[in-house]
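A quick write-up on the structure given underneath.
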Amino acid sequence: MHENVPTLEELFDDDVVIEGDPSLRLRGVAEDSRAVVPGGLFVARSGSELQGSQFIEDAIRRGAVALLVETGAQLALPQPAPVVIRAKDPRVAGARAAHRFHGMPCDGLSVVGITGTNGKTTVAWFVRALLADVGRRCGLVGTIEIDDGREKRVSALTTPSASVLAEALGRMARHGCDSVVLEASSHALDQGRLRGVSPRIALFTNLSGDHLDYHGTLETYAAAKARLFESVEKGGLAIVNVDDPAHARMIRDARCGVLRCSTRGAPADAQAQMIEMSRHGSRFRLEGPWGVIESEAGIVGRHNAENLLLAVAAVHALGVESERLASAISAVQAPPGRLEPVPDQRADFSVFVDYAHTDDALENVLQAARPLVTQGGRLSVLFGCGGDRDRTKRPRMAEVANALADRIIVTSDNPRTEDPVAIVEDIMAGVHESSRDSVLIEVDRARAIEAAIDDARSGDVLVIAGKGHEDYQIIGTERRDFDDRLIASAALARRGDAS
């Protein structure tokens, strides 16, 4: 339970109207009615999200004593009625209240925010690992988990709601973290979930077509990402990948210093090169404000050179001395489900699981995997596309697979309420006619993985793309247990036993 019990007037500014007792003390702030505690405030959000007013009755039943609603909201409340706070934008006012309720935890944390289509999770893990290696406690908020410095919890969203985020940041501050690295999704930035958070450092990885079902256009998508840089604190720093043209949009309206990074030889403040690579790791040369470092790390692929460079630049900007960076880099490992090998001592081919679910990410992972194919082997890729999500990327992912892989297996990946066969048809539109007959189509993902492994031969590399660390499959509205790594491991074991 929160140590202090602040009043309404302590949590809100003069731009809201409080209909009731402003000295009422609160015991919690929540945007999800299911998370309301007795004596708490319920934020009834508006806009493109679910209308929070639909859940007011549930919030009151759970003990809400105050409601934050849009200025003109019409309410039918039971008696005695909870206090009503009216705001032009409940999301903004609610986020501000949540951070105040938890003691403004960002005031004592160096916040590193990361945005971009691909690479956010990997960069975040690298930043945390580098800081941990030099003895600093860094919290993490991202796609895989929320780490408050003492306990790790599975994430429900890449960037949680403002109230959940503020609570997590409060725990980090209490647990002795001096910094936090968080993934900033375009949805979260657009919906105001990061209001109240002013990053000391903001990083941009890349931009490619994704979530266009939500944003509509690539320009709108980029504008949402750019909001992170507009919120950087005074004296802060933007670190951007200049190899992606969208970096210019990210820093256009930023009021902070800029550090430019490149792995392709573009004019920049920091550069990285991958000197050599094996399936166990790579050797990198990184040059920047820290000087020149050559170090090995347990990661593969040029895209990971980009990710590592951004992370090193951020950690150096947080005050880690150059001399300590080299040894810290050598301890870096990829996060779960990012080119994660599925081990099997008996197999004479390699299987990797990766989270790539956009055309750009798939291109990166296939380019990284190609050098791992040994003589006579093939590069195979298994993938699908999510249902009820951006349809425009489906043929683009197929085009990438067609261009870079020797063997393609198309399957399902969280079909949700769409017909899996219809999704596959959208994907196949991107496969060249001359290659279509050679594509294996199996909408049952488990069977597809088993077939891909059964057909593998010596020297092959199989990339199972799309789900990465996820341990579920969404079919219809049902979330079922499903883990690519477990399915692949079982298939490898069966093949080994049969040989």
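Scan the range 106-127 and give yes if some residue there is over 29 Å from residue 207 (Cα atoms) and without any contact (Cβ under 8 Å) to a residue 24 or more places away in the chain, otherwise no. Checking the range 106-127: at least one residue is over 29 Å from residue 207 (Cα atoms) and without any contact (Cβ under 8 Å) to a residue 24 or more places away in the chain. Scanning the range 82-108 for residues that are among the small types (Gly, Ala, Ser) and either in contact with a Leu (Cβ under 7 Å, 6 or more places away or on another chain) or in a helix (DSSP H, G or I) (or both) yields 87, 93, 94, 95, 97, 98, 108.
Condition (residue is within 30 Å of residue 170 (Cα to Cα), under 19 Å from the mean Cα position of the chain (by Cα), crowded, with 22+ Cβ neighbours inside 10 Å and assigned by TED's automatic domain parsing to the domain that holds residue 110) applied to the range 249-261: is it met by at least one residue?
Yes, there is a match, as at least one residue in the range 249-261 is within 30 Å of residue 170 (Cα to Cα), under 19 Å from the mean Cα position of the chain (by Cα), crowded, with 22+ Cβ neighbours inside 10 Å and assigned by TED's automatic domain parsing to the domain that holds residue 110.
There is no residue in the range 67-81 that is within 12 Å of residue 20 (Cβ to Cβ), more than 33 Å from the chain's Cα centre (by Cα) and assigned to a strand (DSSP E or B). Across the range 75-90, a minimum of one residue is classified as touching a residue at least 24 places away in the same chain (Cβ under 8 Å), of a type outside the set (A, V, I, L, M), buried (at least 23 other Cβ atoms within 10 Å of the Cβ) and outside the structural domain of residue 249 (by TED's automatic domain parsing).
Residues of the range 419-454 that are in contact with a helix residue (DSSP H, G or I) (Cβ under 8 Å, 6 or more places away or on another chain) and charged (D, E, K, R): 426, 436, 442, 445, 450, 454.
Of the strands (runs of 3 or more DSSP E) lying entirely inside the range 139-229, those containing at least 1 residues that are within 24 Å of residue 248 (Cβ to Cβ) and touching a helix residue (DSSP H, G or I) at 6+ places or on another chain (Cβ under 8 Å) are 179-183, 201-204. Checked against the criterion of being in contact with a Leu (Cβ under 6 Å, 6 or more places away or on another chain) and under 16 Å from residue 367 (Cβ atoms), the candidates 302, 264, 279 yield just one match: 279. Of 331, 347, all but one fail to be within 25 Å of residue 273 (Cα to Cα), part of a loop (DSSP other than H, G, I, E, B) and more than 18 Å from the chain's Cα centre (by Cα); the exception is 331. For the range 431-450, a tally of residues being under 33 Å from the mean Cα position of the chain (by Cα) and more than 21 Å from residue 396 (Cβ to Cβ) returns 6.
List every residue pair whose Cβ atoms sit under 9 Å apart, with the two residues 6 or more apart in sequence or on different chains, where the first one lies in the range 165-189 and is without any contact (Cβ under 8 Å) to a residue 12 or more places away in the chain and the second, anywhere, is in a helix (DSSP H, G or I) and not hydroxyl-bearing (Ser, Thr, Tyr). Sorted first by the residue in the range 165-189, then by its partner, the pairs are 174/105.
The values are calculated or read from the model by the stated rules, or taken from the named source; none is laboratory data. From a predicted model like this one, the values you see are computed outputs, not experimental measurements. Methodologically, a virtual Cβ is constructed for each residue, glycine included, from the backbone with ideal geometry; neighbour enumeration extends over all protein chains shown.
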